[in-house]
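One structure below.
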Amino acid sequence: QVQLAESGGGSVQAGGSLKLPCAASTRILGISEMAWYRQAPGKQRELVARIFEGLQTTYADSVQGRFTISEGAAKNAVDLEMDKLKPENTGVYFCYARGLGEPFWGQGTQVTVSA
């Protein structure tokens, strides 16, 4: 059973930075993408950033130029660097991976940005 382990969440003041690492517990067969999603209180989960086949990246418009997604040092791992954080970036961040058509989700890590 594949598990995605997230870390790096916490509280920070606006303008600060955080890094969110995520790593799979075992190799994901046919992995095609990894991504980070955010769920703010009372809102639906939304895509923050995605890396496809280790090369192509896409970002939500609201984080373009401030967040960077990249492959982690380990196999089937991904990092999200978040700079110039804003209060509206607050939420639970979930790591996501897709392999051979099957999706995997992490448990989530809380990020709180205060004004």
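Given a 1.4 angstrom probe, I'd like the percentage of the accessible area of the chain that is carbon and sulfur, rounded to a whole number. Could you put the intermediate results ahead of the total?
Details: 3070 of 6350 Å².
Carbon with sulfur: 48 percent of the solvent-accessible area.
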Under a Gaussian network model of the chain whose springs join Cα atoms within less than 10 Å, the largest fluctuation of Ala24, Ala49, Ala40 belongs to Ala40
With the other protein chains left in place, how much accessible area per residue, in square angstrom, belongs to the chain at a 1.4 angstrom probe?
-> 55
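Compute, for the chain, the length of the dipole vector about the Cα centre, with Cβ point charges of +1 (Lys, Arg) and -1 (Asp, Glu) only. Units Debye, rounded to 20.
Numbers: 11 positive and 11 negative charges, 32 e Å.
For the chain, the charge dipole is close to 160 debye.
Loop only by DSSP, 11 or fewer other Cβ within 10 Å of the Cβ. Give me the trypsin sites (Lys or Arg not before Pro) in the range 37-95 that pass, ordered by residue number.
Lys43
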Vicinal HN-Hα couplings computed from phi for the range 63-78 (Karplus, 6.51 cos²θ - 1.76 cosθ + 1.60; Hz; Gly/Pro x) = 10, 3, x, 10, 10, 9, 9, 8, 5, x, 5, 8, 5, 6, 9, 8
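The values are calculated or read from the model by the stated rules, or taken from the named source; none is laboratory data. Bear in mind the structure is a predicted one, so any value in this text is a computation, not a measurement. Don't worry about glycine lacking a Cβ; one is built from the backbone with ideal geometry, like all the others, and counts go over all protein chains shown. Each accessible area value is taken on the protein alone, full model and side chains, heavy atoms only, with ligands, DNA and RNA left out. Shrake-Rupley method; radii C 1.70, N 1.55, O 1.52, S 1.80 Å.
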